Structure formats: structure tokens, C-alpha cells
Amino acid sequence: MKRSFAFGGLVATAGLLAAGLAAPAQAAGDVATDTLASTNLAAQEVAAFWYGEAKANLINATPYGVETKVVAKHVSKGGPSADTKPGIVPAIGDEKKTASKSKNVNLPKTSGKVFFIGGDGQPHWCTATSVQSGYRNLVATAGHCVYDTESNKATLDKWVFIPGYYQAKTPWGIYVGKQAFTHYDYDVYEDGDRDYAFVTVYNGVLPESVSADRNYESKVFRTRAEAEKELRRLREDKSTGWSDLRIVEVRGGRDDHHHGRGDHRGRDNDRGRDYDRGRDHGYKVAVSVSEFAKLNPGKDLTGNGPWAEGTGADAAVEISKSEYRSDRDSYVSGDGSTLYFRTEVKKPRPDETPVPSTPSETPSASPSASPSASPSSVPAAETTEARKDDDKGRWHRDYKYFKRTFWATKQQSVRGYKIVGKKLAIGLKDVGRLGDNVGGQGLAYNQKVGKPVFIFGYPSGSHPDGNYAFTGHTLKWSYGKTFAVQAPEVKGEELLGVKSPFTGEGAIGSSWLLNYQSARRVGYLNGVTSGLADTDKNGRIDTSISPYFDGETYGVYKAAANLWSGKIV
């Protein structure tokens, strides 16, 4: 997703965080929801997808593709306003505690990365955080880290949250997304003022045992278009645990061994790596003598080779003299398919003793020689004339006669297409609810602009001038006061900005926390990073942007906050 901002806004006066808990009226139609993984089996396979193949998908994931270089300027008017009374939801463990101050900044355990498959079919990640909820199972992030507005798909595939993620380590497990909630205006109109999402997650899981990935192949499809349609369906199906899916050609000359199940999902097989990769072994076909000679230039076709790879000669078959219809040493049949040839047989005259064999003679020259014997393999001593007088005083010779055919391996013609890949097999164990393991931040809405916040995220990538300040590997923080901005290009009329050096796509979804208590690592979520900007055009990112959290934000949160998810194993 590429996102380009042009802002205007006004730095508003500072306001105090209200302590009221008044819940605003919320129309049910303002909330949009979509299922991520609806069944335990689906969730298990999503978790296995990220744990499988030595966590290759986690390791190879890249920050989600959001444009970091944006044009921005501030203006002297405009800004967000509260729609109802200010309110807060306390953090997990902070329900009855008072605020305290600390000079140290300890990073929250609640922050982590969300991983998913983007519209490009590749693994990506954003930042997210755990928040308070009735069942301690809720995650907050940017809306476009859940909803694929670029390809207009409902949700991103194989969505998981991993708190404390670092270089393929999952210290508190993987939490598979179950159901995503956002504002209707974002889901339908991509309204930048509503670019936030709340996602319920199943209990976390850690790998208990890992088995070899099983090979998978689908039914055979008649056309590539049909196979591509099925491939898209498999990739979009959140109940699949397959990986490395691809289309291969199916060649003619063998039966369809894998007609698949009635639901078109195909089946597993044990044919091995080469078969799984669609390796085409080819098959033998008869070739003409001239074709074989072109494939074996300079070779004696009456001999025993060796022949060029993928070609061969059938064993010579001995025939009668009457079947051999020529006085030449070799000739080709009229249809070009068969080579006929003869070899001379040494036979002593009746009035003389046998001519002794020379050391160079071989058994192939004897009267009992194999039918595969040929003139090229007969030593000179064996070609000495075995002369015998006839009644006319002329000489003649004795022969054995043979015929031979040839073959070559040809690639089989395409008779269809199938999808092959791997089905992940991994044992998982339950590690409990997200909030019980890492806690959950509170929520604040309808707050006055100008309050200082901490931003926690995984910034990555470079500044517009090419300087790489962050790698995205570790959690970072920044601090500043909020101010009002606008981004009409994304329908963002009530946004907040904070001066922050966070770069790159990885910072998207970062949590904005009011009244963050470093000693206890909790505060109130009051925004999520949805974009970044270089406001002074010096080639360095200097501002993070978030939707303003108002009563409608609270309504979306409330729709998700009391839904149970449960275990997947």
C-alpha cells in the first residue's frame, strides 16, 4: 500500500487527561467486522504456517509497504474535536491503582509485531499492542495492517500477533487473529480518520513438536487459468496450512493418480520431492534411423554405442537371408524406421585346415556371435574371406543378417496443470491468554490535543535521504506532544501528529500511550501510527501521524472488547 500525505493543522492547547468513564452512544452500523480464522483447525494451521520450515516465513517477512516519504505542512486552523465526554479504560492490572512517575523508560511487554500475508503473496509485518478487554484477548494496530485496501481484499491472510518478537523468537507464543473490528468508514471508504483496528486473538501457542512437512498436490486442471483460480482460492483460504504453493505442468503418458477430494483441496501424497516438484521424466518413442544418426553424429549405428543421452538402440535381431533384400552391407527400410545390416562370417574351406585366430579376435566374430555384433566391432583378422569354389569358379562369402530400430526420450505433451506445495505438520501447546502473559494497555478517547505521549514501535528502513537509522529488529520509543494535522488525500481531517524520528513501514501500528508509567509499563492507548512525514523537507522523517481517538473509536473497541476467543489446542 502506498500512502502520500499532504497535511495542514494547528497545534492545540494542552489538556488534562480526563478521568471520566462515560461511554458515548455508538451506532451499531459504525462497526465493521471480518473473520480472520473462524475455527480451531484454521487457527492451528495459521500458527503452523509461521512456525513451520524453521520459522522461515517469520524470518523472511518484510515491513509492510507503506510510503515513508510524504509531503506535509502545518496550517493555522483545523484540528480534531471530541464528539462526547472524555473517557478512559484502565490497563490490565491498573484498574485500582494510582498513577506514578518514573524517570526510566522501560519498554512495555504489550508491544510486538503482527505478521500476515500481503496482497503480493509475501509475508509482512507491522507493529501492534495488547489492550485491555474482558477476556484479555485484544490487539490494537493500524487499520491497513488488517484490511488490505490496496487489493480490496477483506482482510490480510494468516494474521498473527507476536508480543516481544525478536529475530524469530516468540517468547510468549503466537496469537492467531480470530476476528477483526474497524470503523465502517474505513472498511468501506478507506477514511484516514478511522485507520485503526482491534483484533480478538486466540490463546497463544508455542511449538511442542515439529514433523516433516508433507507433500501436497491438487487434482489436475485442464487449463492454466483454472489452476490459477484454484491457487488464488487456496492462498486466500484462511483454513489452509499449506506453503510454497505453485502450479506445475502435468504431462501426458500416465494416468492421473491424484484426482483430489470433492472439495477440490486435493490430497497429500508420498511421491517424494522430485514428483512433488513436477519433475518430467519423459518417455521413449521410436525415431527414424536418420533422426537417430543426427542425434549421434559420427557413431556406427551397427555398433553398441555409447549413445547420446536420451537416445538408445534396440538389440539387433537376427533375420534370414531371404528377409535381407540387398547385396549391400547395410540399408534403411523404405519407411526409414529400421536399419538392416550384415556381418561376414569366417568359414574354412573343406580342403584346408582352419585359419588360427589372432589375439585380436573376439567372440563377436564367431559363428555363434551375438546378434548385436557389427562390422565396426569385428577385428581385421575376422574379415578375411572364407572362400569356397562354386561350380562356376567364382568366389562368394557367408554372412549373418540383422535388423535394428532406435528410440529417443521425448518430453510428454502437456495434458493439464496441478498445484503442488507442502502441508505443514507441527505440534502446538497452549500458553494461555494474551493479557495474562503480557498485560494490556488501557484506552483513552476524546482527549484534548497537546498531551504528551510515548510512541512504542519497530521502526525500520531509511529516511528519504537514504540514512538507515532503524533496523526494525528491536522495539524503540519516542516522546512528544500531540498536535492537529490534516491529510485530505486520505480523507484525514481529524488526525494527530507527534514529532518523532521513527522511519519506515515497520513503525505503522505503533502504540501511542498517554500517562505511561515506566515502572509498571502501562498507560492509555490514545493513538496508533498510520503514517509518517518529513514536514520540513530536509530528507529526514520527523513526524508520526495517528487517527484521533474519539467516541466512535471507543465504540469499535467496545464491540470487540467482550468477545471470547478460546483455545486452539
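The values are calculated or read from the model by the stated rules, or taken from the named source; none is laboratory data. Just so it is clear, the structure is predicted and the values come from calculations on it, not from any experiment. Cβ atoms come from the backbone with ideal geometry, glycine included; neighbour counts cover every protein chain shown. Side chains included, ligands, DNA and RNA excluded: accessible areas come from the protein's heavy atoms. Shrake-Rupley method; radii C 1.70, N 1.55, O 1.52, S 1.80 Å.
Just the number please: accessible area per residue for segment 486-564, 1.4 Å probe, all protein chains included, in Å².
29 Å²
Among 470-481, 329-340, 125-136, how do they line up by average Cβ neighbours within 10 Å per residue, starting with the highest?
125-136, 470-481, 329-340
With an 8 Å Cα cut-off and a minimum separation of 6 or more residues, compute the relative contact order for segment 526-569 in percent.
Relative contact order, segment 526-569: 31 percent.
Express the carbon and sulfur contribution to the solvent-accessible surface of segment 156-232 as a percent, rounded to the nearest whole number, probe 1.4 angstrom.
Carbon with sulfur: 47 percent of the solvent-accessible area.
Under the Karplus relation 6.51 cos²θ - 1.76 cosθ + 1.60, θ = phi - 60°, what is the ordered set of whole-Hz ³J(HN,Hα) values for segment 489-504, x standing for Gly and Pro?
So the Karplus estimates, Gly and Pro as x, are 5, 10, 6, x, 9, 10, 10, 10, x, 9, 5, 7, x, 4, 10, x Hz.
Using the structure shown, list the pairs from LYS169/LYS229; LYS55/LYS481; LYS491/LYS567; LYS169/LYS481; LYS219/LYS429; LYS158/LYS476 with a Cα-Cα distance above 30 Å, or answer none.
LYS169/LYS229; LYS55/LYS481; LYS491/LYS567; LYS169/LYS481; LYS219/LYS429
Can you compute the modelled spin-label distance between ASP465 and ASP436, with each label point 7 Å from Cα toward Cβ, in nm?
5.1 nm
Skipping prolines and chain starts, which residues have an amide H placed within reach, meaning under 5 Å, of the one on THR155, given they are 5 or more residues away or on another chain?
ASP148
Quick one: net charge around LEU428, please, counting Lys, Arg +1 and Asp, Glu -1 for every other residue with C-beta under 13 Å from its C-beta.
-1
Compute the length gained on full extension between ALA56 and LYS321: take 0.36 nm times their separation in residues and subtract their Cα-Cα distance, giving the result in nm to one decimal.
88.4 nm
Using amide H atoms built in the peptide plane, which far-off residues or other-chain residues are under 5 Å from GLY432 H to H?
Amide H to amide H, under 5 Å and 5 or more residues apart or across chains, GLY432 pairs with GLY204.
I'd like to compare 52-64, 188-200, 316-328, 495-507: which one has the highest average count of other Cβ atoms within 10 Å, and what's the full order after that?
495-507, 188-200, 52-64, 316-328
Starting with the highest mean, order 304-311, 547-554, 508-515 by the number of other Cβ atoms within 10 Å, averaged over the residues of each peptide.
Final packing ranking: 508-515, 547-554, 304-311.
Assuming 0.36 nm per residue, please report the length gained on full extension of the stretch ASP329 to ASP314 beyond their Cα-Cα distance.
Result: 3.5 nm gained on full extension.
Using θ = phi - 60° and the Karplus form 6.51 cos²θ - 1.76 cosθ + 1.60, what ³J(HN,Hα) does each residue of segment 289-305 get, whole Hz, x for Gly and Pro?
Whole-Hz 3J(HN,Hα) from phi for segment 289-305: 4, 5, 5, 5, 5, 5, 6, 10, x, x, 8, 7, 6, 8, x, 10, x.
With each label point set 7 Å from Cα along the Cα-Cβ vector, what nm distance links GLU208 and SER337?
6.4 nm
Take LYS294 and ARG415, extend 7 Å from each Cα along the Cα→Cβ direction, and tell me the distance between the two endpoints in nm.
Roughly 2.7 nm, to one decimal.
With a Förster radius of 35 Å, plug the Cβ-Cβ distance of LYS284 and GLU228 into 1/(1 + (r/R0)^6) and report the FRET value to the nearest 0.05.
After rounding to 0.05, the efficiency reads 0.60.
Just to verify a number: FRET efficiency for THR39 and ASN106, C-beta to C-beta distance, R0 = 51 Å, to 0.05?
That gives a FRET efficiency of 0.85.
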